[in-house]
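Undergrad: First the structure, which I've put down as structure tokens, then a few questions once you've had a look.
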Amino acid sequence: MGLVVQKFGGTSVANVEKIKNVAGKAIREKQAGHDVIVVLSAMAGETNRLIDLAHSAAESPDEREYDSLISTGEQVTISLLSIVLNDMGYRARSFLGFQVKILTDQAHQKARISMIDTETIRKELKKGAIVVVAGFQGVDEENNITTLGRGGSDTSAVALAAALKADRCDIFTDVDGVYTTDPNICAKARRLERISYDEMLEMAMTGAKVLQPRSVEMAKKYNVPVYVKSTFSDEGGTLVTKEDKEMEREVLSGITYDRDQVKITVVHIPDRPGIAANLFLPLSERHISVDMIIQNASSQGFTDLTFTVSKKDMKTAQKIVEATAKEIGAKKVEVDDDVAKVSIIGVGMLSHSGVAAKMFKTMADEGINIMMISTSEIKISCVIQRKYTELAVMVLHDAFHLEKKK
Ligand code: ASP
Ligand code: MG
């Protein structure tokens, strides 16, 4: 007998019918003799609806109250599931973040979990209950409700699995696993049986939407085996786990894209110490995260600096950067939102050479211009013109033979 954490996303709990299907999945594990903790998201579209409501009430809603509002969607689904389970004769108890006590820091809308009190959950499990926990939320030390960022239920589930030393964390979603790339734009995309934590983290951070990056970080840190599965079928699935020899043999695991990027260039900046700090400090003070950064070699005491931010931060970033540019005597600021970032990911890059060259040549052969490049040990990202996104993904998928069976 083990302990299983099951997490269901918004499309899996979109209505009562679907919640009944979720109940069936929880019961199946229970009948197999396991202790079961279910973590739920809000019904599909509900968090967006709540966010719109908040913004219709005020242009910049108070952060504390905003979290209090946007976390309510999960209260509906966890209680509904518990009602269904109880009605079917299974003891079930739902808990909000503060009831469990999922303690977080105070960073509203992107809070980090610092501690989980497992006592209440353990007590209920001992009584034979299926424990149903609201994803996406926690509580800070002053009892304010916090939220963990969009897609944060994944992180709630993995954190609970880690805290309770679960044997498995199953993430149920509307796709049957992690694919080599988005099957919606590349018909040859193949489901991966397994993927390493590091690769999954890079995939999640560069545009794959299947798991919240923070949940993967946490799974790696506490060595939680994560299964991505379909709610609607028993077939398939992908195991996110520790890296092994077999994974290294493949050059790439996947290709991702991110159209949520904006490229900002500060032109003709006097090249002296402190300039980069001057530019990026005010952005970080406004919690705008900068992704790729390129500074050109300087010529005659001047340089250009290009970086990318997320689309939602475009207006604010532009304002801030234009002000700084003036202060430091730069010539102008150019903003380009007609871009996308395409990334290739694989632990095999550590042992295979020529991967970057092959990526660049493949795109060059299609006449795709590369505007920015950034790399990590197991990832190469290129910023290109947005209209080439699908083409780049498809030709790279072919060039690296990702369609073939392992
Ligand atoms: N309901 C939240 C959201 O839409 C959390 C989640 O679905 O994981 O972001
Ligand atoms: Mg999700």
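The values are calculated or read from the model by the stated rules, or taken from the named source; none is laboratory data. What you see is a predicted model, and the numbers here were worked out from it, not measured in a lab. Virtual Cβ from ideal backbone geometry, glycine too; neighbours counted across all protein chains shown. These area figures cover heavy atoms from the full protein model, side chains too; ligands, DNA and RNA do not enter into them. Shrake-Rupley method; radii C 1.70, N 1.55, O 1.52, S 1.80 Å.
Undergrad: Any residue in the stretch 76-90 that is open to solvent by 60 Å² or more (accessible area, probe 1.4 Å), of a type in the set (V, I, T) and without any contact (Cβ under 8 Å) to a residue 40 or more places away in the chain?
TA: Yes: one or more hits.
Undergrad: Go through the stretch 18-36 and give me each residue that's in contact with a helix residue (DSSP H, G or I) (Cβ under 6 Å, 6 or more places away or on another chain) and not in a helix (DSSP H, G or I).
TA: D35, V36
Undergrad: Here's something else I'd like to know. With the condition kept exactly as written, say whether any residue in the stretch 240-250 is surrounded by fewer than 23 Cβ atoms within 10 Å (Cβ to Cβ) and among the aliphatic types (A, V, I, L, M).
TA: Within the stretch 240-250, one or more residues are surrounded by fewer than 23 Cβ atoms within 10 Å (Cβ to Cβ) and among the aliphatic types (A, V, I, L, M).
Undergrad: Within the set of pairs 6 or more residues apart or between chains, which connect a residue that is closer than 18 Å to D234 by Cβ and part of a loop (DSSP other than H, G, I, E, B) inside the stretch 6-17 to a residue that is at pLDDT below 95 and within 14 Å of ligand 2 (Cβ to nearest atom) with Cβ atoms less than 6 Å apart?
TA: Listed by first residue and then by second, the contacts come to G9/T173.
Undergrad: Among residues belonging to the stretch 197-210 that are in contact (Cβ under 8 Å) with a residue 40 or more places away in the chain and part of a loop (DSSP other than H, G, I, E, B), point out the one that is most open to solvent (accessible area, probe 1.4 Å).
TA: K209
Undergrad: V131 - would you say it is more than 16 Å from ligand 1 (Cβ to nearest atom), buried (at least 21 other Cβ atoms within 10 Å of the Cβ) and closer than 30 Å to D398 by Cβ?
TA: no
Undergrad: Report, by residue number, each residue of the stretch 197-246 that is touching a Cys at 6+ places or on another chain (Cβ under 6 Å) and within 14 Å of ligand 2 (Cβ to nearest atom).
TA: Scanning the stretch 197-246 gives a single hit, V226.
Undergrad: Residue by residue through the stretch 211-264, note down the ones that are outside any strand (DSSP E or B), touching a Ser or Thr at 6+ places or on another chain (Cβ under 7 Å) and within 16 Å of ligand 1 (Cβ to nearest atom).
TA: Result: Q212, R214, S215, M218, T231, D260.
Undergrad: Right, another one. Out of (1) closer than 22 Å to S343 by Cβ; (2) of a type in the set (D, E); (3) open to solvent by 40 Å² or more (accessible area, probe 1.4 Å), what's the single condition that is false for D271?
TA: The failed condition is (1).
Undergrad: Next question. Go through (1) assigned to a helix (DSSP H, G or I); (2) within 13 Å of ligand 2 (Cβ to nearest atom); (3) touching a residue at least 60 places away in the same chain (Cβ under 8 Å) one by one and return the number of the condition N48 breaks.
TA: (3)
Undergrad: Looking at G138, is it within 14 Å of ligand 1 (Cβ to nearest atom), on the phi > 0 side of the Ramachandran plot and either in a strand (DSSP E or B) or of a type outside the set (D, E) (or both)?
TA: No; evaluated as a whole, the condition is false for this residue.
Undergrad: Spot the failing condition for K361; the list is (1) free of Cβ contacts under 8 Å to residues at least 12 places away in the same chain; (2) open to solvent by less than 60 Å² (accessible area, probe 1.4 Å), and only one is missed.
TA: (2)
Undergrad: May I ask you to list the residues in the stretch 261-317 that are of a type in the set (S, T, N, Q) and free of Cβ contacts under 8 Å to residues at least 12 places away in the same chain?
TA: Result: S284, N296, S299, Q300.
Undergrad: With respect to the numbered conditions (1) open to solvent by 30 Å² or more (accessible area, probe 1.4 Å); (2) within 15 Å of ligand 2 (Cβ to nearest atom), which one is the sole condition not fulfilled by N15?
TA: Only one criterion in (1) open to solvent by 30 Å² or more (accessible area, probe 1.4 Å); (2) within 15 Å of ligand 2 (Cβ to nearest atom) is unmet by N15, namely (2).
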